[in-house]
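The values are calculated or read from the model by the stated rules, or taken from the named source; none is laboratory data. Here the structure is a predicted model, which is why all the values come from computation and not from measurement. Note: ideal-geometry Cβ built from the backbone for every residue, glycine included; neighbour counts use all protein chains shown. Heads up: the accessible areas ignore ligands, DNA and RNA and are worked out on the full protein's heavy atoms, side chains in. Shrake-Rupley method; radii C 1.70, N 1.55, O 1.52, S 1.80 Å.
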Amino acid sequence: MQIPAPFDYVRASDVDNALALLERHGPESRLVAGGHSLLPMMKLRLARPEWLIDINGLAELDFMVREGNVFRIGALTRHTTLLESPEVARLFPIVTDAEQVIADPVVRNRGTIGGSLCQADPAEDLSTVCDVLRAEAVIRGPAGERVVAMDEFHRGPYETAVGQNELMSELRFPIRPRSSSAYEKVERRVGDWAVAAAGAAVSLAADGTIEESSVGLTAVGLDGTVAGIGDLLGGRRPDEDLFAEAGRIAAAACEPVADQRGGIDYKRHLADELTRRVLRRACARASEEQEG
Amino acid sequence: MRVQQPAATGLDLERVDGRAKVLGLAPYAYEHPAENPTYLYPVQSTIARGRITAIDTAAAETMDGVVAVLTHLNAPRLADAADKELAVLQSDEVGFRGQFVAAVVADSPEAAREAAARVRVQYHQEPHHAALRADHEDLYKPEQINAGLETDTQAGDPDAALASAAVVVDRTYTTPAEHNNPMEPHTTVAQWEGDRLLVFDSTQAVHNARKTLAPLFDVEVEQIRVVAPHVGGGFGSKGLPHAHVVLTALAAKVTGGRPVKYALTRQQMFFLAGYRTPTIQRLQLGASPDGRISVLTHDVVEQTSAIKEFAEQTAGISRMMYSADHRRTTHRLASLDVPVPSWMRAPGECPGSFGLEVAMDELAEACGIDPIELRVRNEPAIDPETGKPFASRHLLACLREGARRFGWERRNAQPGTVLVDGWRTGIGVAASTYPARRQPANTARIRFTADGFYEVQIGAVDLGTGAWTALTQIAAEALECGPEQVRLQIGDTDLPVATVAGGSSGTASWGSAIIGAAQMFRKEHGGFPSAGDTSEGDGERNPAGKNYALHSFGAQFAEVQVHADTGEIRVSRMLGVYSAGRIINPRTARSQFLGGMTMGIGMALHEQSVMDERFGMIVNHDFADYHVPSNADIRQLEAFWLEEVDEHAGPLGARGIGEIGIVGAAAAVANAAYNATGIRVRDLPLTADKFLT
């Protein structure tokens, strides 16, 4: 039987209370939301928090709302909620793509977007999604609220800008006209971590050329989005040669490590292939959007 | 021999234990009520080979709730320490990483685990070898291999025949180490009352378990009771008691009579509960241009643990499967500082069929003939190994029936020609076989109760396969009563002696004893018995074994899709047709076949225990990294069987179905992948990167 090390448990009543509890119990306290990363780590004794502060009751963090050109998603929004949202699928099909291949329904019913981002596993899908959508994270702490961009949010594997006495309250996604996005993942079996995955977001100009674009990669040792993609694609018409060139750049940009999910060459090959695919699909979706 | 006419057997009866299981009322080993229990958590070695030089248990011993901390310095002595896998805490020697070196017994599982983490062990480390290589310098020839088979066989002059053969396939195939991973972890609850030991164990054989334990603890078998009414799978890994059973019983000696409960964690199971050895198999097939095999050699290199020998009979299948005048099979072992390998679903036939059946596919291609036709041309008239006739050999019927159902005629003989939406698609076939074993030494007892039921008792075990149901049906048929009139009792050494739920032998072996008891009962008490009337009967050794070769056969068909750009591989369709004698219960039988095929897909695509030889460490020792198929990975699966009764398989006419479903399954997938892509992968598992060249 896998049993965690001893710990104490408390339910937070609201965000301020959660912050106060973090402050009170100090560096060995952890927030628990869906718990699908933290609890297994505790059972395997990879994590030994002394306090768990349960934020599952904080309804104020469970919301999705559009405000002008910003779509706000509360940190406690479950994967299933994102997966089943028609509005998310319309505005950010990359989220729907990704959610379909995150773990299995049981995990998705419980796991949250905030938990995924804050866990910051290098093979985590939503981090890439947020990168390419240029999302912003809202972080609340004793000193109030701050908003950070994704490149500032990520600090490396399992590390983020969220301080020990802070919590992520929401993610904000800019809504751009004539834009769309896509995500693709290769996994060894259904529900597994990615061998490699890629996400892309594009905006088209009125004439059908690419205005803005970004590509991110999962599980292959790339922080943030692939540099140079925006410059390469900007002002050009989407076509296969262009996607191929982007694929080559992405493959060169990543630094995968060999493991039983695949060797370095294979993962680079996937970075290339998946980059082409997601750009192809994002551009096709964006132009449908344009026509529609 | 008179074969019983089917009545209750053949009925599609629901599992008689199904309701209790669904309601959570069927007790597994850990769930039996235990009064004032203690809990065990072990300390495992962190080196692969060497000696313990010091153990500091002070911090653990002073923790609240700790009852005892056992090490080799203070653990009770076993009467027999010859089996080094089972001789736990008897010496300072370390034979593999993950071996038990200490154990904490405490009032709660939490305290036991926490205290175990505080035990400090120092070692004198010695150089170790933990990786299997074909050129390992100290390969040795074991005395015999598993199931008591000969290590090597030879007929004719294989080398000369190979030199003169018109067509030769000479290839090496490898299968990785694989772990059984049943759903229910290995679990033991042990309690001593004076010199009597009560054990609730997750085991495939209650009687064998106590027979193994008795000499270790210097007691008579009658002083030990092992109970296992329900078991959550084993796939062979619970066929023999492993170290945890001994450790738990040993720990129960120091608790003042309190029971000790211990369930292995999933991670511990990767070191302490057996696994399938990796294999390196060289196959040489020499044939005439029309595909008639003149020579077949199968030379196997595999591993065992230095502390205990287990020699998988990997090439055994090549001794009886196809005709060849010249033949050689050999097994050589590397003795390594690794955990002890053991039985895993179809030991021998399972890995051996990967080498043999992929080689057959390669030969078919080299000769330019259809893989099914190749097997037709090499169908032996008698068992090539023993010279005996086969009691029942319907391999060709399985192949033909499978081909018809699967749509084999649509196969494109030219590989790599079907590409739809980026997916290359192909189909492949492999043959399957498993010996029909029936164990003697089974006794059943039948008693008529005051309320009009037949109590049928036998110390058999249902490891999740359906024995509760099948044995109920067999008893009903033999007693000529309805299944609802039978009260079966199994899974307890207080019941008459029975052999292991393994080797696909359970139903036939136990069933024969039940039929024997039923016949005796009717002889002694007639058709209108009185309350308390009791008879016993034994399963006798199958006399047909003297004159016949007894095997089941099957044909595995797979359709595989491989993505042209990413190499992703899926088994989109799989179909098996089996010839296994009489099928007792179609529902549980189909489940067994499909389960075997599913495990075969796992073997083909996913399963691989990765050894970090620097540390002797199996690194992917959990389900996050040791991949088995999820439900969503299994697409269309179908299992069929030939309607038959094997008159040489004993009074039941059944041969056993637990293992044949996995045999050949991985080869069928690999052959289909070749047909899809033109890329021949000879090393399992078939990961995506291998299809991008």
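Things worth noting here:
- Hits in region B:613-626 - residues which are within 11 Å of chain A (Cβ to nearest Cβ) and open to solvent by less than 40 Å² (accessible area, probe 1.4 Å): B:620, B:621, B:622, B:626
- Scan of region B:156-185 for residues that are touching a His at 6+ places or on another chain (Cβ under 6 Å) and either within 30 Å of residue B:238 (Cβ to Cβ) or part of a helix (DSSP H, G or I) (or both), ordered by number: B:158, B:161
- Residues that are in contact with a Pro (Cβ under 9 Å, 6 or more places away or on another chain) and either part of a loop (DSSP other than H, G, I, E, B) or of a type in the set (A, V, I, L, M, F, W, C) (or both) within region B:272-300 comprise B:272, B:273, B:274, B:275, B:277, B:278, B:295, B:296, B:300, listed in sequence order.
- Within region A:240-268, the set of residues being open to solvent by 30 Å² or more (accessible area, probe 1.4 Å) and farther than 11 Å from residue A:195 by Cα comprises A:240, A:241, A:245, A:248, A:249, A:252, A:253, A:255, A:265.
- Residue, nearest to the other protein chains (Cβ to nearest Cβ), within region B:673-693, restricted to residues that are in contact with a Ser or Thr (Cβ under 7 Å, 6 or more places away or on another chain) and not charged (D, E, K, R): B:688
- Taken residue by residue, region B:242-252 has no member that is open to solvent by 10 Å² or more (accessible area, probe 1.4 Å) and modelled with pLDDT of 95 or more.
- Of all residues making up region B:627-661, the number that are within 9 Å of chain A (Cβ to nearest Cβ) and within 21 Å of the chain's Cα centre (by Cα): 4
- Here the condition is being surrounded by 24 or more Cβ atoms within 10 Å (Cβ to Cβ) and on the phi > 0 side of the Ramachandran plot; of B:567, B:511, it holds for B:567 alone.
- For region B:460-488, a residue qualifies if it is of a type in the set (A, V, I, L, M, F, W, C) and either assigned to a loop (DSSP other than H, G, I, E, B) or within 18 Å of residue B:519 (Cβ to Cβ) (or both), and the qualifying residues are B:460, B:461, B:463, B:471, B:474, B:475, B:476, B:478, B:479, B:481, B:486, B:488.
Table: residues versus (1) surrounded by fewer than 18 Cβ atoms within 10 Å (Cβ to Cβ); (2) closer than 29 Å to residue B:396 by Cβ.
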{"residue": "B:546", "(1), (2)": "yes, yes"}
{"residue": "B:579", "(1), (2)": "no, yes"}
{"residue": "B:599", "(1), (2)": "no, yes"}
{"residue": "B:630", "(1), (2)": "yes, no"}
{"residue": "B:648", "(1), (2)": "no, yes"}
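- Only one of B:137, B:114 that is outside any strand (DSSP E or B) and free of Cβ contacts under 8 Å to residues at least 12 places away in the same chain: B:137
- Residue selected from region B:96-111 under the condition assigned to a loop (DSSP other than H, G, I, E, B) and farther than 12 Å from residue B:44 by Cβ, by the criterion farthest from the other protein chains (Cβ to nearest Cβ): B:107
- Selected residue (only one of B:607, B:568, B:559 is of a type outside the set (S, T, N, Q), at the interface with chain A (Cβ under 10 Å from one of its Cβ atoms) and in contact with a strand residue (DSSP E or B) (Cβ under 9 Å, 6 or more places away or on another chain)): B:568
- Listed here are the helices (runs of 4 or more DSSP H) enclosed by region A:88-193 that have at least 2 residues being within 14 Å of another protein chain (Cβ to nearest Cβ) and open to solvent by 10 Å² or more (accessible area, probe 1.4 Å): A:105-110.
- Residue count, region B:571-604 (criterion: free of Cβ contacts under 8 Å to residues at least 60 places away in the same chain and away from chain A (no Cβ under 14 Å)): 1
- Filtered residues of region A:92-128 (kept if among the β-branched types (Val, Ile, Thr), in contact (Cβ under 8 Å) with a residue 60 or more places away in the chain and more than 18 Å from residue A:225 (Cβ to Cβ)): A:101, A:107, A:112
- Test: residue in region A:249-257 that is touching an Asp or Glu at 6+ places or on another chain (Cβ under 8 Å), away from chain B (no Cβ under 14 Å) and assigned to a loop (DSSP other than H, G, I, E, B): no
- Among all positions in region B:466-479, there is no residue which is closer than 17 Å to residue B:9 by Cβ, open to solvent by less than 20 Å² (accessible area, probe 1.4 Å) and of a type in the set (Phe, Trp, Tyr).
- Unique residue being at positive phi, surrounded by 19 or more Cβ atoms within 10 Å (Cβ to Cβ) and either in contact (Cβ under 8 Å) with a residue 40 or more places away in the chain or away from chain B (no Cβ under 14 Å) (or both) when the list is A:219, A:198: A:219
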